[in-house]
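Trainee: Questions regarding the structure given below will be posed in turn.
The values are calculated or read from the model by the stated rules, or taken from the named source; none is laboratory data. These numbers come from a predicted model, not from an experiment. Positions of Cβ are generated from backbone atoms using ideal geometry, with glycine treated the same way; all protein chains shown enter the neighbour counts. Only protein heavy atoms, including side chains, enter the accessible area calculation; ligands, DNA and RNA are left aside. Shrake-Rupley method; radii C 1.70, N 1.55, O 1.52, S 1.80 Å.
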Amino acid sequence: MILIDFSQIMRANMAVQINMGTFGENEFRNLVFQSLRKYNREFREEYGEMFICCDASYNWRKDYFPFYKAKRKTDRDESGIDWTEAFRIFNKVTKDVYEYLPYRVISIEQTEADDVIGVLATRRVTENGVLVENTEPTLIVSGDKDFRSLLVHNHIKLYHPVNKEFITEENPKEYLMNLILEGDKGDGVPNVLSDDDTFVTEGKRQTPLTKKKKSDILEKITTRKLEELPTKIQQNIQRNINLIDLARTPKELKMMILKIAMWPPKGTMQKTFNFLIKSNLSTLLNDIEGFKPGELKYA
């Protein structure tokens, strides 16, 4: 199973175009299709079928924590990019991938690609409807550091699409715990010593998490003496666990992800061929076989 963090693939290709001084729908679609063909061709023999994992427009974490990724809009406004047009193109290309390419596209309201990948990498539903552990060879194509925690499972590998290298992690459990304690500034999640609104309130800063303080907190966690920590820190630890640990995706969303992942792709190789011709992407026909999907190992 190949799990593609699709938003990352699209943003990386957008950056390529912008660096070239342009950002247009046709060329962008061409770059995205090339990327998907590349990962499919390179990894399908070992890892099988490719799944396109998408971000929904709204995420369940915003209900739990209103400040989640709250600064993203401000950062976009300051970037100088026409994000209205960018999102239009993103949505159109995602629809094209769903309609015409022979891959399963998983896009579910209230979920991020992180949720989809975290679920599919670790769980599956059998033909008899039984929920079991997924142990088939699984490759996650993403540069997101959160996925390093999944490397605790021996069947999962992580490939960075920009750096073009496999990522390893000596101690995934320790890595996850450090991430929980330190928070994730990029997602608006403060460290466990800091208030919820740290990254959105003007002039507010995180309370420094020193090595000694982190060590003291870890000691309380490992010896199961959390109750000896201040109540606020206990609450912040739980906050960060719920926001960062990929196992915390709500059960109903997990089941929806697994259900939709069982649906066959809407696209086919014939649809791919016809679409490439119709959309003036005929240069991709020089390796049409590169789009041919692999097979699920457990099917």
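Trainee: Within the bounds of region 130-145, is there any residue that is surrounded by fewer than 20 Cβ atoms within 10 Å (Cβ to Cβ) and under 16 Å from PRO250 (Cα atoms)?
Mentor: yes
Trainee: Continuing with this model, one more query. Among the residues of region 128-156, write down those that are more than 24 Å from GLU182 (Cβ to Cβ) and either among the β-branched types (Val, Ile, Thr) or without any contact (Cβ under 8 Å) to a residue 60 or more places away in the chain (or both).
Mentor: ASN128, GLY129, VAL130, VAL132, GLU133, THR135, THR138, VAL141, ASN154, HIS155 - these are the residues of region 128-156 that are more than 24 Å from GLU182 (Cβ to Cβ) and either among the β-branched types (Val, Ile, Thr) or without any contact (Cβ under 8 Å) to a residue 60 or more places away in the chain (or both).
Trainee: Within region 86-95, identify whether any single residue is within 20 Å of GLY143 (Cβ to Cβ), of a type outside the set (A, V, I, L, M, F, W, C), assigned to a helix (DSSP H, G or I) and open to solvent by 10 Å² or more (accessible area, probe 1.4 Å), and answer yes or no. Walk me through it before giving the result.
Mentor: Taking region 86-95 first, the residues within 20 Å of GLY143 (Cβ to Cβ) are 86, 90, 93-94.
Cutting the leftovers down to of a type outside the set (A, V, I, L, M, F, W, C) gives us 94.
Now drop any that are not assigned to a helix (DSSP H, G or I), which leaves 94.
Cutting the leftovers down to open to solvent by 10 Å² or more (accessible area, probe 1.4 Å) gives us 94.
Yes; the residues of region 86-95 include at least one that is within 20 Å of GLY143 (Cβ to Cβ), of a type outside the set (A, V, I, L, M, F, W, C), assigned to a helix (DSSP H, G or I) and open to solvent by 10 Å² or more (accessible area, probe 1.4 Å).
Trainee: What is the residue count in region 1-36 for residues that are within 17 Å of PHE87 (Cα to Cα), free of Cβ contacts under 8 Å to residues at least 24 places away in the same chain, open to solvent by 10 Å² or more (accessible area, probe 1.4 Å) and assigned to a helix (DSSP H, G or I)?
Mentor: So the count comes out to 6.
Trainee: Filter region 189-205 down to the residues that are buried (at least 20 other Cβ atoms within 10 Å of the Cβ), among the aliphatic types (A, V, I, L, M) and assigned to a loop (DSSP other than H, G, I, E, B) and list them by number.
Mentor: The answer is VAL192, LEU193.
Trainee: Looking at region 53-70, is at least one residue closer than 18 Å to LEU3 by Cα, crowded, with 18+ Cβ neighbours inside 10 Å and not charged (D, E, K, R)? Give the steps one after another, and end with the answer.
Mentor: The initial filter retains those residues of region 53-70 that are closer than 18 Å to LEU3 by Cα, namely 53-56.
Going one step further and asking which of them are crowded, with 18+ Cβ neighbours inside 10 Å, we end up with 53-55.
Then keep just the ones that are not charged (D, E, K, R); that gives 53-54.
Yes - at least one qualifying residue is present in region 53-70.
Trainee: For region 180-225, which residues satisfy the criterion of being over 21 Å from ALA247 (Cβ atoms), small (Gly, Ala, Ser) and touching a residue at least 12 places away in the same chain (Cβ under 8 Å)?
Mentor: SER194
Trainee: Output the residue which, of all residues in region 156-188 that are buried (at least 17 other Cβ atoms within 10 Å of the Cβ) and more than 26 Å from ARG11 (Cβ to Cβ), is farthest from the chain's Cα centre (by Cα).
Mentor: Here the residue is LEU181.
Trainee: Checking ARG76 against (1) modelled with pLDDT of 90 or more; (2) touching a Phe, Trp or Tyr at 6+ places or on another chain (Cβ under 8 Å); (3) over 26 Å from MET262 (Cβ atoms); (4) open to solvent by 20 Å² or more (accessible area, probe 1.4 Å), only one condition comes out false. Which one?
Mentor: The number of the failed condition is (1).
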